Structure formats: structure tokens, C-alpha cells
Amino acid sequence: MSEENRQVEPAHPTDSALTKVHPPRYDFATFEAYWSERWEQEKLYQVDLAAATRPYYNLMMFPYPSAEGLHVGNMYSYVGSDIHGRLMAMQGYDVFEPMGFDAFGIHSENFAIKRGIHPRVLTARNVARFREQQLQRIGNRFDWSHELHTTDPGYYRWTQWIFLQLFKNGLAERKTAPVNWCPTDKTVLADEQVISGHCERCGSLVERRWLQQWFLKLTKYAQPLLDNLEWLDWSERVKTLQRNWIGRSEGLEFSMEIAGKPDMQVQVYTTRPDTIFGMTFVALAPHHP
């Protein structure tokens, strides 16, 4: 075989050559664990609220420990909130960013039933996983010295106290009313939780039932809520959603006689009283009294 046609095996690179071409990878597990522990030891994110000169409360919604772990959607929210908190800290504010776990509710109860584990045991296990394996590892500036749980008597005694104040001031009442009922979760759903007649969480067909429920008279605050929207730095889309949710409208309520039943009348509400004389029908809701 001629020299021109001879196949020459490439030389194997030495370890030093490999190091130059492929430098060692970033050992994120070691570095992140080290700094996370360092921040905790130095209490970097703990704030002395009594001595704070420019206190700033940066609160993100507490997670529900009703699953095996948090998902990327949760982290999306927490990271955005943390960025805002860090911005305020860079501007000289004493940022207080607490964290807790909202373990009360039907979701935690159903998850415990599904797993066949007592809610107290399962909730404690889930909270530990959420905190140690996820929330503490994402590097947010949470002040864990103020961690709270909605299942602690020291916490929910105040939610009970708030309810009692609402009741004493005539803002809470119990009455029978039609509700959206999920037969799987065995709980009442808000209209926003019903998607095309199905429960948004489990997909079960929602039933309409008459049940006794507690109601808070939020409509008494409809006008102040609407007025305050103008002062909020929110997008117009979100403000429109809030206005529609509050549902305040101006109109006229009047009575109409029922043909053949002079002793009966039906109450009608309209935002266009000028069109009354052109009416051809009246629509009644299924739960109209």
C-alpha cells in the first residue's frame, strides 16, 4: 500500500487536552447547597420588622400541600414575586417575604383520602417536601423564621375571629341557595370553577343543588371596590374582569302582572327602562324566587 493510501489512526488526546477542550461542568448541586446553607446561617433574608425604617411586605400566595410536589407553574409565580422583592431591596426597602402552607380545604382532604393516609400525617410530609426539596432550593428570599401553616390553631383562631366580626356586623348570613356541586370532590364550586358544565379540577359533571351556605355580603362594598380600581396600577383587562366580577349595574326594578293571575306579580330588573314598552318576553333564572 502506498504512503498516499495508507490510513493513519488519529492520535488519542491526552487527559490534559480533553480538559482544555471540555472544561469541567458547573457543579450546581454542590454550589447551590453550599450557598443555600450559608444564607440560612447568616439569616440573610430575615428582617427585623420592629427596627425596619422602610418596611415592604412582599407576599406571594401560599401553596396548597395537596399533591406530591409543586409544578413549574408555581415556580413561575414565585420567581416573579421574588424578582420584585429583590428590586425593592435594591432600592433600600426592608423587604419581608414570608412563606407558609395553606393546608386547610377540600383538596388536602381528598388527597389524603386518595392516598389512604391521615390528613395530619400526609400534610406534614408534603410540607417538608415542598419546603426542603423545592422552595428552599430555588433560592428565593423567603424568611423561613416566619413560616406559618393555616392548620395551626394559633393561625386559624384569627380567621375564626374575623368571621365572628363579620357576623356580628351583619355581613355574614346563612341561607339556602342554589350551588354548583361536584359529586367527586363533594364540595361547592364557584362559577369560575365550572368549565362547560364540568369541574375544572377533576372533570366531573357538575350538579345543581339547593344547600344551606354561609354568604358574605360583599355587595355592600361594591361601590368602594369599583372606585378603588382607578387607583390601581393594573392592566385595563384585569380591571374589566374585576368590574364584571363585582357586577354592579344601574337600572330599574318594577313589577309585572301575570295574565290570568291578578294576585301574582313578577319582579323584573332592567338597565334600559326606556325599552319597557317594546318588551316581548321576560327571562327568568331557574332560581328566581
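The values are calculated or read from the model by the stated rules, or taken from the named source; none is laboratory data. This one's a predicted model, so the numbers in the text were calculated from it and none came from an experiment. Neighbour counts are summed over all protein chains in view; Cβ atoms, including those assigned to glycine, are modelled from backbone coordinates with ideal geometry.
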Selection count where residues are touching a helix residue (DSSP H, G or I) at 6+ places or on another chain (Cβ under 9 Å) and within 14 Å of residue 142 (Cα to Cα), scope the stretch 48-77: 7
Matching helices (runs of 4 or more DSSP H) fully within the stretch 77-170 where at least 2 residues are assigned by TED's automatic domain parsing to the domain that holds residue 55 and either touching a His at 6+ places or on another chain (Cβ under 9 Å) or at positive phi (or both): 119-129
All positions within the stretch 195-231 that are free of Cβ contacts under 8 Å to residues at least 24 places away in the same chain, part of a loop (DSSP other than H, G, I, E, B) and over 20 Å from the mean Cα position of the chain (by Cα): 196, 197, 204, 230, 231
Lone unmet requirement of (1) surrounded by fewer than 18 Cβ atoms within 10 Å (Cβ to Cβ); (2) closer than 27 Å to residue 36 by Cα for residue 135: (1)
Checklist (1) outside the structural domain of residue 181 (by TED's automatic domain parsing); (2) over 22 Å from the mean Cα position of the chain (by Cα) applied to residue 244, failing item: (2)
Extreme residue, modelled with the lowest pLDDT, among residues of the stretch 67-125 that are of a type in the set (Asp, Glu) and over 27 Å from residue 57 (Cβ atoms): 68
Qualifying residues in the stretch 185-206 (those that are surrounded by 14 or more Cβ atoms within 10 Å (Cβ to Cβ) and touching a helix residue (DSSP H, G or I) at 6+ places or on another chain (Cβ under 8 Å)) - the one farthest from residue 244 (Cα to Cα): 185
Enumeration of residues in the stretch 77-127 that are within 20 Å of the chain's Cα centre (by Cα), surrounded by fewer than 17 Cβ atoms within 10 Å (Cβ to Cβ) and among the hydrophobic types (A, V, I, L, M, F, W, C): 79, 83, 106
Cβ-Cβ under 7 Å pairs, at least 6 apart or on other chains, the stretch 144-157 side among the polar types (S, T, N, Q), far side surrounded by fewer than 14 Cβ atoms within 10 Å (Cβ to Cβ): 150/156
Residue check for residue 179: touching a residue at least 12 places away in the same chain (Cβ under 8 Å), among the hydrophobic types (A, V, I, L, M, F, W, C) and in a helix (DSSP H, G or I): no
Subset of the stretch 232-260 that is among the charged types (D, E, K, R) and in a helix (DSSP H, G or I) - its residue that is modelled with the lowest pLDDT: 243
